[in-house]
């Protein structure tokens, strides 16, 4: 049985994400085990990895760094080509750096900077449902255009615009999903995005980059 490891480092909505992943696996008829773990060996040996994140970039990165061996195991799994999905701040941590609560180094798996979302006259944070539209060539994880659930006040500004897989509008046009090789991240919460989110998670469970 293949294993999906939901990385549990004390900074994510892991139980909702696990429930959604199990539901997606059941709908797809996939016999996949979804485990919550901060154990480096479990992360290193998993077939697929999911990194959630709720809160500020600096605090999430600090907790990830404090989890002994997790970042090294994560990098090893990613370098071996295993599918990796970051969710919300978990997606932002893929960047080179984040500017929330100081200038903090990220994982650097997809080049870019996480900066404040320029909402203009709109309220911040961007919270609630909004339309996600593909950007460029369709990505295998991404369902057709649909609505997803967001909660954020910072956005991923990629170094390479071709890493943007989907976009959304809220004060400005910003990346709703980024992807490079076997690494992808969503600014929205698939586990809170009903049919659209479950469809993306099903695609992730079948993704062979």
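We did not get these values from a lab; they are worked out from the coordinates using the rules stated. It should be emphasised that the depicted structure is a prediction, and the values quoted were computed from it without experimental measurement. Positions of Cβ are backbone-derived with ideal geometry, glycine not excepted, and every protein chain shown enters the neighbour counts.
Over segment 96-209, what is the relative contact order in percent, taking alpha-carbon pairs closer than 8 angstrom and at least six residues apart?
Values: 229 pairs, mean separation 28.0, N = 114.
Taking the mean separation of contacting Cα pairs over the length of segment 96-209, I get 25 percent.
Considering only beta bridges that DSSP places wholly inside segment 2-206, some 60 percent are antiparallel.
Volume per residue for segment 119-182 equals 88 cubic angstrom (convex hull of Cα atoms).
Length gain on complete extension for the stretch residue 115 to residue 133, per 0.36 nm per residue less the alpha carbon to alpha carbon distance?
Values: separation 18, 0.36 × 18 = 6.48 nm, distance 2.11 nm.
Going from the current span to full extension adds 4.4 nm.
Measuring r between the beta carbons of residue 103 and residue 2 and using R0 = 35 Å, the FRET efficiency lands at 0.35.
For the chain, the convex hull drawn through the C-alpha positions has a volume of 101 cubic angstrom per residue. Of all the options 174, 156, 188, the one that moves most in a Gaussian network model of the chain with Cα springs shorter than 10 angstrom is 174.
I need 36, 201, 107 ordered by Cβ neighbour count within 10 Å, fewest first. Mind showing how you got there, number by number?
Working: 36 17, 201 27, 107 20.
Ranked by crowding around the Cβ, least crowded first: 36, 107, 201.
When you restrict to C-alpha pairs under 8 Å that are six or more residues apart and normalise by the size of segment 20-84, the relative contact order lands at 38 percent. Largest GNM mean-square fluctuation among 131, 186, 113, using the chain with Cα springs under 10 Å: 131.
Within a 10 angstrom radius of the beta carbon, how do 180, 48 rank from fewest other beta carbons to most?
On the way: 180 17, 48 21.
Ranked by crowding around the Cβ, least crowded first: 180, 48.
Length gain on complete extension for the stretch residue 42 to residue 68, per 0.36 nm per residue less the alpha carbon to alpha carbon distance? All intermediate terms of the calculation are to be shown ahead of the outcome.
Details: separation 26, 0.36 × 26 = 9.36 nm, distance 1.29 nm.
Here the segment from residue 42 to residue 68 would lengthen by 8.1 nm.
Note: relative contact order over segment 2-206, using C-alpha pairs below 8 Å and six or more positions apart, is 20 percent.
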